[in-house]
Amino acid sequence: MGPVRRGFQTPKRRTSMHGEVWTVPPGTDDCSGSVPGSPLPAQLAIDMARQLRVLADPVRLRLVSILLSRGSAGVYELTDAFDAKEPMISHHLRVLRDAGLVDCERVGVRSSYSVTLAGAQLFPYVTQLFDVP
């Protein structure tokens, strides 16, 4: 092993149980994120888990992403982005709506969907977990 330069630390390598390898930047640890000073209140933990569970579905995650990029859209506009039929997209939108992540506004006979403030605030945190640009 060569000489170690003063002030220089090599990144630590970690391996997951699935064989994935990633590096941890020098001066940090795997658990160096922001840790709250006190435990989450029970109801907040329940609400957060519910919203995260809803976003764990790839179709719903993409729906939120599409709605954020477009501002709002109808079911038929959203169906074009997926290899799926309208009833499936409607179901996923209803689940997102029930979780408070998407809102629906009636425009004549059609419904226009948009991401709520809660959804818009949560989405960047979810994508940040996976280093999505």
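The values are calculated or read from the model by the stated rules, or taken from the named source; none is laboratory data. What you are looking at is a predicted structure, and each value in this text was computed from that prediction instead of being measured. Every residue, glycine among them, receives a Cβ derived from its backbone with ideal geometry; neighbour counts consider all protein chains shown. Only protein heavy atoms, including side chains, enter the accessible area calculation; ligands, DNA and RNA are left aside. Shrake-Rupley method; radii C 1.70, N 1.55, O 1.52, S 1.80 Å.
Go through R94, R106, R60, R50 and list them by solvent-accessible area, largest first, probe radius 1.4 Å.
Of R94, R106, R60, R50, the descending order of accessible area is R106, R94, R50, R60.
Which ³J(HN,Hα) values in Hz, rounded to whole numbers, follow from the phi angles of the range 39-47 under the Karplus curve 6.51 cos²θ - 1.76 cosθ + 1.60, where θ = phi - 60° and Gly and Pro get x?
My calculation for the range 39-47 gives x, 5, x, 4, 5, 5, 4, 5, 5 Hz in order.
Amide H of V115 versus every other amide H placed in the peptide plane: which residues, excluding those fewer than 5 positions away on the same chain, fall under 5 Å?
D103
Protein chains only, probe 1.4 Å: how do L122, L67 rank by accessible area, largest first?
Working: L122 35, L67 0 Å².
Result, largest first: L122, L67.
Each residue of the range 92-97 in order: what ³J(HN,Hα) in whole Hz does its phi give by Karplus 6.51 cos²θ - 1.76 cosθ + 1.60, θ = phi - 60°, with x for Gly and Pro?
5, 5, 5, 5, 5, 5
Would you calculate the separation in nanometres between label points at A118 and E86, each defined as 7 Å from the Cα along the Cα-to-beta-carbon direction?
2.8 nm
Can you report the principal axis dimensions of the range 81-133 using only the alpha carbons, biggest first, rounded to whole angstrom?
Dimensions of the range 81-133 along the principal axes of its Cα atoms: 39, 26, 18 Å.
Dividing the Cα radius of gyration by the Kirkwood radius, what Rg/Rh value follows for the range 39-113?
1.03
Kindly sort E77, E86, E105 by accessible area of their heavy atoms, largest first, with the probe set to 1.4 Å.
Descending accessible area places them as E105, E77, E86.
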